[in-house]
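Down below is the structure, laid out as structure tokens.
The values are calculated or read from the model by the stated rules, or taken from the named source; none is laboratory data. The structure presented is a predicted model; accordingly, all values stated were derived computationally and were not measured. Note: ideal-geometry Cβ built from the backbone for every residue, glycine included; neighbour counts use all protein chains shown. Accessible surface areas use protein heavy atoms only, side chains included; no ligands, DNA or RNA. Shrake-Rupley method; radii C 1.70, N 1.55, O 1.52, S 1.80 Å.
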Amino acid sequence: MPPKSVRHPPPTTSTALQSLWNAYNDQTSDRLKFVDAFLFFLILSGVIQFVYCILVTNFPFNAFLAGFSSTVGQFVLTASLRAQVNPENKHEFKDVSPERAFADFALGSIVLHFFVYNFLG
Amino acid sequence: MLFKSLLILAAGLSGFVNAKSSAGDSVLVVVEPSKVGDYSIFFNSLKEKGYSLTFRSPKEESPVIIKDDVPSFSHVVLLASETKNFAKDITPQSLVELLSLNSNLIVGLSTKQTTLSSLAAEFSLTLPPPGTPLISYFPERSEPPSVIPITVPATSSPILSKNLSPVWYSGIPFALGDNPLLVPILNAPSESFAAEVDGGSADSIVDAAEKGGEGLWAGSSLGVVTGFQATTGARITWVGGVEVFSDEFAKKEVSKGVKSGNAEFAQDVAAWTFQESLVLRVDKTEHHLVNATGPSEHYTTNDQIVYSAYISKFNPKTSTWEPYSGIKDMQMEFTMLDPHIRTSLLPVPGVPGKYSVTFRAPDRHGVFKFVIDYKRKGWTHLHSSTTAPVVPPRHDGYPRFLSAAWPYYTGAISTSIGFFLFSAIWLAGDIKESKKKGSKSE
């Protein structure tokens, strides 16, 4: 299906973001958008924990490290899954099938969560 | 034969039935034999209370006050104030040894210098120059100026009974040092001073006053009868003039129809010195956790601990130790090198003799002591020390989840839930796609 025609935008910076958002919306598949939503949720969670640590207290520091690195680690694993599964990168990951990528992602995540809960106290 | 010996035994024991002192009844009185009759009122009052008196001249060799490192008598009264040379066994060193062996002493001094005058300096009492008794020209009286009626102030020491008539006194004053173990019993009247018997010339007194320091011995800060309670608990009273115990002064009238307070004063002084009045002891102490009944082997930091002490006072009239709840200012310290907790130990209403406090063990772990250290002038010093270890909480004594860490807990849990939901939906999408592909390829 051919992509939608793009209207000519007036030359201002705020609508540069808008055109970026429109292009993103048009050009990414639903599956990738789903992964991006998960990534955004992880970023949000990480930022909230970091801000709490700075503003309120870093008292159980081990708990902060566990919670923060949980989000960061999960973000890294999900981002690598997205990179490997994206059909546009097929020529980069010739010997990695999407199923293999997901299996790596799941295994890594489980090991990450194991360590996180141990360190959380 | 058996009946006779039983009778003798009963007769001997009956002497102990009226025992008054908490520390024994045998008293040695060292006095010139010619003067024994002068103090008959005092001696009779002691005998009535139940003491057994033994009289001895100062130069006599027996009975010895200390034999084989054991005191032969519980109390010693030295009324031979003018004797310069005592027998071999009465020396300042032997008197101090008597105190360390828990015997009590009454020592009389006089204007003459004896070996005992140097001993007084060891007790922080400075004696005036020899030959200078206490003189007072007030109140106007027919007696010589060296015989002084001393009014007992209303706020005087708890040793003396209330409403004591003025006490006749003749002897030397002494300056009290700042030893905390001194217990002032009677001080000189404020208008008195120490000088030669004829009063000295007016010029010499003015010179002495202008010299200051030890120049003029005057005023009510001078002691006349002073007690001293040694750290072993033994009590010694220094009396500047032994006439205060004499019959003559006891019978003399202070003013028209008012008898002097000498007899009662002598009894009060003897009662305090011979460990009858103002004698306390700690019966037992106990400590436990707030909800427990028995003591714990060790406590944990920040525990609530209850400490109780049971204090008794000796009642001379019944010769028994009775629980006493009248101490208002007792303190208890929970100490490890320094007192971490110092709190007041208050009497428990309803339980006579029990003092109790509940407190929180400090945040430090270590071996602590419950310390009672009660020292008040005139009262027996109370010391008690109980050791108790305080350990840090066990690994499961800490709170499991910290309320400050909830954002991190929710972050980690939400990440896990997100991961599970994501992979579930991802796999569902995969199955749908493969089904679609499968149907397409067909």
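So how many residues does the stretch B:221-278 have that are out of contact with any Pro (no Cβ under 7 Å at 6 or more places or on another chain), open to solvent by less than 30 Å² (accessible area, probe 1.4 Å) and touching a residue at least 60 places away in the same chain (Cβ under 8 Å)? Adding up the residues that qualify gives 29. Looking at A:G73, A:G121, just one residue is at the interface with chain B (Cβ under 10 Å from one of its Cβ atoms) and at positive phi, and that residue is A:G121. Of the residues in the stretch A:19-42, not one is part of a loop (DSSP other than H, G, I, E, B), within 9 Å of chain B (Cβ to nearest Cβ) and open to solvent by 70 Å² or more (accessible area, probe 1.4 Å).
Criterion applied to B:P153, B:P144, B:P180 was being within 29 Å of B:T380 (Cβ to Cβ), out of contact with any Pro (no Cβ under 7 Å at 6 or more places or on another chain) and modelled with pLDDT under 90, and the one residue passing it is B:P153. Among the conditions (1) under 24 Å from B:G429 (Cβ atoms); (2) more than 14 Å from chain B (Cβ to nearest Cβ); (3) modelled with pLDDT under 90, the only one that A:P87 does not satisfy is (2).
Please enumerate the residues belonging to the stretch B:305-330 that are β-branched (V, I, T), surrounded by 17 or more Cβ atoms within 10 Å (Cβ to Cβ) and more than 16 Å from the chain's Cα centre (by Cα).
Residues of the stretch B:305-330 that are β-branched (V, I, T), as a first pass: B:305-306, B:311, B:318, B:320, B:327.
From the residues that got through so far, the ones that are surrounded by 17 or more Cβ atoms within 10 Å (Cβ to Cβ) too are B:305, B:311, B:327.
If the condition is that a residue be β-branched (V, I, T), surrounded by 17 or more Cβ atoms within 10 Å (Cβ to Cβ) and more than 16 Å from the chain's Cα centre (by Cα), then B:I305 is the only one that fits.
The set of residues in the stretch B:318-328 that are free of Cβ contacts under 8 Å to residues at least 40 places away in the same chain and part of a loop (DSSP other than H, G, I, E, B) comprises B:T318, B:S325, B:G326, B:K328. B:I8 - would you say it is over 24 Å from the mean Cα position of the chain (by Cα), open to solvent by 70 Å² or more (accessible area, probe 1.4 Å) and either at pLDDT below 85 or under 30 Å from B:S260 (Cα atoms) (or both)? It is true that B:I8 is over 24 Å from the mean Cα position of the chain (by Cα), open to solvent by 70 Å² or more (accessible area, probe 1.4 Å) and either at pLDDT below 85 or under 30 Å from B:S260 (Cα atoms) (or both). For the stretch A:49-60, taking the residues that are more than 7 Å from every other protein chain (Cβ to nearest Cβ) and closer than 17 Å to A:L120 by Cα, the one that is surrounded by the most Cβ atoms within 10 Å (Cβ to Cβ) is identified as A:C53.
Quick one: would you say B:P63 is open to solvent by less than 30 Å² (accessible area, probe 1.4 Å), over 26 Å from the mean Cα position of the chain (by Cα) and either at pLDDT below 90 or among the acidic types (D, E) (or both)? Step through it out loud before you land on a result.
Values: open to solvent by less than 30 Å² (accessible area, probe 1.4 Å): no; over 26 Å from the mean Cα position of the chain (by Cα): yes; either at pLDDT below 90 or among the acidic types (D, E) (or both): yes.
The answer is no for B:P63.
Can you name every residue in the stretch B:331-349 that is hydrophobic (A, V, I, L, M, F, W, C) and either assigned to a strand (DSSP E or B) or under 21 Å from the mean Cα position of the chain (by Cα) (or both)? Show your work before the answer.
First, the residues of the stretch B:331-349 that are hydrophobic (A, V, I, L, M, F, W, C): B:332, B:334, B:336-337, B:341, B:345-346, B:348.
B:M332, B:F334, B:M336, B:I341, B:L345, B:L346, listed by residue number.
Pick out, from the stretch B:350-442, the strands (runs of 3 or more DSSP E) lying fully within it that include 2 or more residues that are away from chain A (no Cβ under 14 Å) and free of Cβ contacts under 8 Å to residues at least 40 places away in the same chain. Explain how you work it out, then say what you get.
Working: elements: B:354-360, B:366-374, B:382-391.
Qualifying strands (runs of 3 or more DSSP E): B:366-374, B:382-391.
Restricted to the stretch B:129-198, the set of strands (runs of 3 or more DSSP E) holding at least 2 residues that are under 17 Å from B:G108 (Cβ atoms) and open to solvent by less than 30 Å² (accessible area, probe 1.4 Å) comprises B:148-150, B:167-169, B:182-187. Take B:P389 and tell me if it is touching a strand residue (DSSP E or B) at 6+ places or on another chain (Cβ under 7 Å), surrounded by fewer than 15 Cβ atoms within 10 Å (Cβ to Cβ) and more than 30 Å from B:A270 (Cβ to Cβ). So B:P389 fits the description; yes. Can you tell me which residue in the stretch B:100-124 is nearest to the chain's Cα centre (by Cα), limited to those that are open to solvent by 10 Å² or more (accessible area, probe 1.4 Å) and either at pLDDT 90 or above or under 17 Å from B:N179 (Cβ atoms) (or both)? The residue in question is B:N102.
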